[in-house]
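First comes the structure, then the notes that go with it.
What follows is calculated from the coordinates using simple rules that are stated; it is not laboratory data. On a predicted model such as this, the values are computed, not experimentally measured, just so you know. Neighbour counts are summed over all protein chains in view; Cβ atoms, including those assigned to glycine, are modelled from backbone coordinates with ideal geometry.
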Amino acid sequence: MHRALEQDRFCLFAQAIAPAAAPSGRFSHFEILVRLKEDGALIAPGEFIPAAERFGLMPLIDRWVVRKALEIIRRRDPHGRDTYAINLSGLTLTDESFLDYVRRELTRSGVPPSALCFELTETSAIANFDEAIVFMDTLRELGCRFALDDFGVGMSSLSYLKRLPVDFVKIDGSFVRGILDDKSDMLTIDMINKIAHLTGKKTIAEFVETYEHLLALRSIAVDFVQGFAIDHPMPFDIDVAVQENANAEILPESALVGSR
């Protein structure tokens, strides 16, 4: 991990988040995803993040992601017309110097803070509740937004949801995958969606992999969707025109079923 940071062997990908009601056309909301380059291959975060967390390196990786993402956004979207979601670990929330780091990088890059949406997992936000509140309130004053990731698999609570100043609630993909076959998953998503709306938050369903999943989520008024039925992760540090050409309209149902 240390060598990868020193040698700049991490890279960023981006995956679109689209309105469930109209998921085709030009995308304007993206989640930034980190990958590790090792011996010519790309290693997914599930393979290296557990080790980085175990050895306390996630704050360093999160800093690299923020700095690199802002450098790329400055080139491709200097006025911040789109939204870019950056994941943060629970360890980073406890790093007292990270807030100042984000402020410095925003100033250095010139990217409007409103272009950034930081994603915190439900579990990490609740486990570091006081730190999370201070962190969110401080950056929200600058114009940044927040999403609560993996909602529904941790210590879900309406009281926590009401107190956490987030703009989006991301419904965990484990529920989304089962909505076509398991009525309880559909009911769970419907409940989360209604609770989020009652507290003034928008919802994002993850792992939307088929057209049928999209239609089911649309039927219960989920706000946004993310997954292979909408867009595949693509390298973030590429020419804007190439990226926008790659963001083709959603495929017809026959082409989407079972696609990855």
Region 1-141: proportion of alpha-carbon pairs further apart than 25 angstrom, %: 29
Cβ-based net charge around GLU71, under 13 Å, with every Lys or Arg adding one and every Asp or Glu removing one: +3
Across LYS162/LYS183; LYS170/LYS202; LYS162/LYS194, pairs whose alpha-carbon gap is larger than 18 Å: LYS162/LYS183
Relative contact order of the chain, pairs being alpha-carbon contacts under 8 Å that are 6 or more residues apart, as %: 22
Gain on full stretching of the segment that runs from ASP130 to SER174 - 0.36 nm per residue minus C-alpha separation: 13.0 nm
Expected-Rg normalisation [2.2 N^0.38 Å, Cα atoms] applied to the chain: 0.98
Longest segment of the chain lacking GluC sites (Glu not before Pro) that sit in a DSSP loop with at most 12 other Cβ atoms within 10 Å: 97-248
Alpha-carbon centroid distance for the pair region 90-147 / region 43-82, whole angstrom: 13
Pairwise FRET efficiency - MET191 versus GLU212, Cβ, R0 = 25 Å, nearest 0.05: 0.75
Label-to-label distance, nm, for residues given as LYS183 and LEU5 (7 Å Cα→Cβ offset): 5.1
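Check each of the trypsin sites (Lys or Arg not before Pro) in region 15-44 and keep only those in coil by DSSP with at most 13 other C-beta atoms within 10 angstrom; list them in order. It would help to have the intermediate numbers written out before the result.
Working: sites: ARG26, ARG35, LYS37; in loops: ARG26.
Filter output for region 15-44: ARG26.
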Rule-of-thumb Rg ratio for region 19-85 [Cα; 2.2 N^0.38 Å; N residues]: 1.38
Over region 43-156, relative contact order from alpha-carbon pairs under 8 Å, at least 6 apart, %: 26
Difference of contour (0.36 nm per residue) and Cα-Cα distance, PHE55 to LEU158: 33.8 nm
Rg/Rh for region 50-121, where both radii come from Cα atoms and Rh is the Kirkwood radius: 0.98
Low-density loop cleavage sites - trypsin sites (Lys or Arg not before Pro) in region 53-135, where at most 13 other Cβ are within 10 Å (DSSP): ARG81
For region 115-241: relative contact order, % (alpha-carbon pairs under 8 angstrom, 6 or more apart): 19
Gained length - LYS37 relative to ASP137, 0.36 nm times residue gap less alpha-carbon distance: 32.5 nm
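With each run of n ≥ 4 DSSP H residues scored as -39500 (n - 2.57), what mean residue ellipticity at 222 nm is computed for the chain after dividing by its residue count and rounding to the nearest 500 deg cm²/dmol? Walk me through the numbers on the way to the answer.
Values: 13 runs with 117 residues, N = 260.
That comes out to -12500 deg cm²/dmol.
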Charge dipole of the chain about the Cα centre (unit charges at C-beta), most positive-ward option of ALA4, MET186, THR107: THR107
Antiparallel DSSP beta bridges within the chain, percent to nearest 5: 40
